[in-house]
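The values are calculated or read from the model by the stated rules, or taken from the named source; none is laboratory data. As the structure is a computational prediction, the values presented were derived from the model and not from experiment. Here the Cβ positions follow ideal geometry from the backbone for every residue, glycine too, while neighbour counts run over all protein chains shown.
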Amino acid sequence: MDLRDLDRRGGEWLRGQGPRSEIVISSRVRLARNLDGFPFLSRATDDQKGEIVERVRAPLEGLDLRSKPHYVDVDSADEMLNGFLVERHLISRELQHGRGPRGVAFGSDEVVSVMVNEEDHIRIQAIRSSLCLEDTYRVALAVDQALEQSLDFAASQRYGYLTACPTNVGTGLRASVMLHLPAMVRMKQIEKLFNAARRTGLTVRGFYGEGTMASGDLYQISNQVTLGVTEEEILATLERILPKILDYERRCREELVSDRRLLRLEDGCHRALATLRAARILSTEEAMQSLSMVRLGIVTGLLAGVSLERVNELFVLSQPAHVQKIHGQIIDPPERDALRAEFVRENLA
Amino acid sequence: MVCQHCGENPATFHLTKLEDSELISQDFCEQCATALGHTNEVALPSMLANVVAQAAEGKQHAGLSCPHCGLSFEEFRRKGRFGCPMDYEVFAEPIDAMLRNMHDNRTRHRGRQPRGRIDERSAVSERLLHLRRELREAVDSEQYEEAARIRDEIRNIEQRGVDFGDTLELLEGLGDV
């Protein structure tokens, strides 16, 4: 399969357009499903995993994803390609580092991706630009219903959809938004977000999910409860609490552009852009931090001439596997940092 | 959870006592708890009570294991992952407190129901899980003829689908399981 054309652009969800896109990068919905009559993956043999892939693959390739779905056999794909898929949020690190038959199907616009044999037999994901949880849920639901035409999912009256981990049972639904919160970080208010989230039954994670650092001031916020609530209630809870978080970030941004702080912010944003446009050596972390400042500069009107979409894309395209994929080979970190600097310079010229 | 005294109001007062080295959990509504004089005792908040109940239940069910996938409750507690869909029923009692902890005191699904009638499907899925386990054992012990026979049986069941007649027939065949 040819993935070359994906190298230099991001998925549709990085477009930077739509409601609250000054803070909300994307909305994501994930549904966990398992085939009826099969053991879960921790007790499945490689033969059984192969059988699951075989069963699921035809329905997946028959999905209408506004393009013919790509299918990547993650088990036989090389390290670079799998890393590339992780960085694009098409697969999880768990699938990347799993073993035995497993794979992913996704459309060219990368709105939908379906992992096979991750923690559950099937993980449907839909991800879209900006704040649009309901639309995103509807996309995931359509995929779920299409697959249900030919596959029986494990479920019970009492517990709903049955999943390998009891934290996902019931709806199997995890809804999340990716937020860019540079002002809350700079005003040292991010701890408040963690506390507020804990109290309201939400979970906060970094850019690449569970256990990852919040690189580039990017945070994912998702529901914790999946059982005993309807899908609509899960979305409604997030939608009720999110405006408060967004409003808090907005107020922090207002404070940063207030008279006594403005010069400092302006200086920081221009320096960050200058770094990205001039650096000859650029680590992933420095790229992420500078991109975050540039993004803050754009949305506060301090920087012009760079699009939100370009910056959003560079958050992903600056990641290590992307740098290597663009050059078609495994490259050591020092050389990678030089190639990243070159690529970013070209993109922000 | 309803009050175990009046059986009507939701239980908001959770009491955990140690009696003869046995942990005893009691759940009352505010009124009954006051009426019974429990409000003077030091009460654990609901979540902590669940954690304690979880630990007590874990100990009590340590020997339990799933006849369908072989997962023991002990192993589940260590890894936090189930082995097959039937585990939810097999371990229903010991996982109750854990589910309450994870899901804000909820234990019953209220969301979308999947296509098809689940009740009719469970006997078939149970049988399939069993056959797949037997198949695995047959392959492991290099009994290839037996493995082929089991494979055919799986195929047969899957092709016949899940209509009600088949389920009844299968239930009869389940006598020795």
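Restricting the search to helices (runs of 4 or more DSSP H) fully inside segment A:244-349 and requiring at least 2 residues that are within 23 Å of A:Q17 (Cα to Cα) and not acidic (D, E) gives A:259-278, A:284-299, A:308-317, A:333-348.
Considering segment A:164-177, the residues that are more than 8 Å from chain B (Cβ to nearest Cβ) and in a loop (DSSP other than H, G, I, E, B) include one that is surrounded by the most Cβ atoms within 10 Å (Cβ to Cβ), namely A:G172.
Conditions tested, residue by residue: (1) assigned to a helix (DSSP H, G or I); (2) in contact with a Ser or Thr (Cβ under 6 Å, 6 or more places away or on another chain); (3) at pLDDT 90 or above; (4) over 30 Å from A:G37 (Cα atoms).
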site	(1), (2), (3), (4)
B:D27	no, no, no, yes
B:L44	no, yes, no, yes
B:M47	yes, no, no, yes
B:A56	yes, no, no, yes
B:A62	no, no, no, no
B:G70	no, no, yes, no
B:F76	yes, no, yes, no
B:R81	no, yes, yes, no
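Among residues of segment A:148-163 being among the polar types (S, T, N, Q) and within 7 Å of chain B (Cβ to nearest Cβ), the one that is surrounded by the fewest Cβ atoms within 10 Å (Cβ to Cβ) is A:Q157.
When you look at A:L181, is it at pLDDT 90 or above and either under 20 Å from the mean Cα position of the chain (by Cα) or more than 29 Å from B:M98 (Cβ to Cβ) (or both), yes or no? Yes, satisfied.
For segment A:72-91, the count of residues that are under 17 Å from A:R33 (Cβ atoms) and either of a type in the set (D, E) or buried (at least 22 other Cβ atoms within 10 Å of the Cβ) (or both) is nonzero. Of all the residues in segment A:167-211, those that are in contact (Cβ under 8 Å) with a residue 60 or more places away in the chain and not hydrophobic (A, V, I, L, M, F, W, C) number 11. Only residues that are outside any helix (DSSP H, G or I) and either over 10 Å from B:C69 (Cβ atoms) or more than 7 Å from every other protein chain (Cβ to nearest Cβ) (or both) were counted in segment A:39-58, giving 2.
Scan segment A:288-295 and tell me whether some residue there is basic (K, R), in contact with a Gly (Cβ under 9 Å, 6 or more places away or on another chain) and crowded, with 18+ Cβ neighbours inside 10 Å. Yes, segment A:288-295 contains at least one residue that is basic (K, R), in contact with a Gly (Cβ under 9 Å, 6 or more places away or on another chain) and crowded, with 18+ Cβ neighbours inside 10 Å.
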